[in-house]
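The values are calculated or read from the model by the stated rules, or taken from the named source; none is laboratory data. Keep in mind that this is a model prediction, so the values were computed, not measured. Heads up, the Cβs are rebuilt from the backbone with ideal geometry, glycines too, and the neighbour counts pull from every protein chain shown.
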Amino acid sequence: MYSSSYYSRLISEEKSKLEKYKKQRKELNGVKEWIQNKSNYELLRANNKITEVKSEGTSAIRHDVTVTNHIEDIEEAKEKNYERDKKLSGTYSALSSEINDLDTKIRDCENRIRELERLRQAAIEEEQRREREEARRREEARAASTRSPWY
């Protein structure tokens, strides 16, 4: 069994890794959220503009069936969400995958920390037991040395 200070050092290293992983996860979640919010905002702006153009076209040309049909086709030009954009969707998927990997690393670190804390506690108890045993031996030796050889 190793010393409690050895386990304390390992725990400290694991906690440092854990904080690094949590920071990375937070940053990636921020990027992921930004993609969602920014793309939704841009999507709304683009779709509102398309609706506006369609509305103006419908108001300007009411009696030409061919033009009216083409104006109705404008609806199909509306933007889809980020999940339909191949580049954004790929980026979003890669971010999600990296976040999942970090979640796994975080769980593993937390499990290792718990195990190391258990081992450290066992080492502390063993060190205390040895100290008590050593104190008992010293006391016995002291008592033996103060006894008269004639008794």
Total residues in the range 61-120, condition modelled with pLDDT under 95 and β-branched (Val, Ile, Thr): 8
Residue count for the range 109-151, restricted to those that are among the β-branched types (Val, Ile, Thr) and within 23 Å of residue 8 (Cβ to Cβ): 2
Every pair of residues 6+ apart whose Cβ atoms lie under 9 Å, when the first sits in the range 126-151 and is within 18 Å of residue 2 (Cα to Cα) while the second is in a loop (DSSP other than H, G, I, E, B) and at pLDDT 85 or above: 127/3
